[in-house]
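The values are calculated or read from the model by the stated rules, or taken from the named source; none is laboratory data. Keep in mind it's a predicted model, so treat the numbers as computed, not measured. Quick reminder, even Gly has a Cβ in these numbers, built from the backbone with ideal geometry, and neighbours come from all protein chains shown.
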Amino acid sequence: MEEAFDKIYDKLVGWAEALIVMLPNFLLAIVIFCAFYFTGRFVRKSLERPLARIIHTRAILDLLLSMLSLAFVAVGLFVALSVLQLDKAVTSLLAGAGIIGLALGFAFQDIAANFVSGVLIALRKPVQIGDLIESNDFFGVVSRINLRSTIIRTMPGQQVHIPNKDIFSKPIVNYSATGRRRVDLDCGISYGDDLEKVKEVTINAIRSIPYLDQSQEVELFYKEFGDSSINFTVRYWISFKKQADYLKAMSDGIMAVKKAYDENGITIPFPIRTLDFGIKGGEKLTEQLAVLEKKSGSNGSGKS
């Protein structure tokens, strides 16, 4: 027992002597860690306003500032451990952090992909709040962008959450990006109308719309010989901010063309169907009725 007590006593004395020897380094390590910690907080407050002018998404801004503060804390911790001559502990921490990060990366692959995509969307800005977009078979206005998903409000008013990785990696149509939009109005006129006159009347009717983009010409192209009409498309451009602008331009175009056609005697034909009641194609209904009446008459006279 005495021998065991002596060994324990010697060990405690050795630890105490080592602690006294390392006390200055220990105090220095605490000072270094505190210096890095408060420097990180100071840098965060100093950069918050300048970064807010560049990054308008608050979630991204808070994320970057937090990562900056954590970087200062991590560097301060590693320097403090090195001062305490705990280099092996630093190496172990780095190795452990790498293994944990790899495991979390596999476990939360989709979450990480959405997170990284959200950061890239905030930085590159392919879409912004208020844009009218079409993505992943959804059409609506972007109402909010967070680090996991992009939220759009469809035209009927529903909210749709689209994962950021789908927004970033799949095709997206941004109708608000250019500030203008082309209206394609399809119509048809009868085969008896003069095509040159129709083209002139149609273009002049569309030009009467006051809010057209005057830098672009109104264009008309005949497309096909339809069943009962010659079909064409008239194209014109408008300044575009919201879907109502497009719908109004389409409606005003239809009314202007219809009014101009009525004033100039141009016909927009109804669909025409020809019914053939004959056994052989091309026979008229009146001829078939006459034959039937003749047969019925002869049958009646025979009976009498």
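Things worth noting here:
- The set of residues in region 221-240 that are part of a strand (DSSP E or B) and surrounded by 18 or more Cβ atoms within 10 Å (Cβ to Cβ) comprises ILE230, PHE232, VAL234, TYR236, TRP237, ILE238.
- In region 121-135, residue modelled with the lowest pLDDT [restricted to those that are touching a helix residue (DSSP H, G or I) at 6+ places or on another chain (Cβ under 9 Å) and surrounded by fewer than 16 Cβ atoms within 10 Å (Cβ to Cβ)]: LEU123
- Some residue of region 183-190 being touching a residue at least 12 places away in the same chain (Cβ under 8 Å) and farther than 27 Å from ALA244 by Cα: yes
- Residues located in region 116-147, provided they are aliphatic (A, V, I, L, M), under 9 Å from the mean Cα position of the chain (by Cα) and within 21 Å of LEU61 (Cα to Cα): VAL127, VAL142
- Failed criterion for THR150 (all others in (1) more than 28 Å from the chain's Cα centre (by Cα); (2) more than 26 Å from PHE232 (Cβ to Cβ) hold): (1)
- Looking across region 201-220, just one residue is among the acidic types (Asp, Glu) and exposed (fewer than 14 other Cβ atoms within 10 Å of the Cβ), and that is GLU217.
- Considering region 151-174, and only residues there that are modelled with pLDDT of 90 or more and polar (S, T, N, Q), the residue that is surrounded by the most Cβ atoms within 10 Å (Cβ to Cβ) turns out to be ASN174.
- Contacts under 8 angstrom Cβ, first residue in region 233-250 being under 15 Å from PHE139 (Cα atoms), partner of a type in the set (A, V, I, L, M, F, W, C) and surrounded by fewer than 17 Cβ atoms within 10 Å (Cβ to Cβ), 6 or more apart: GLN243/MET155
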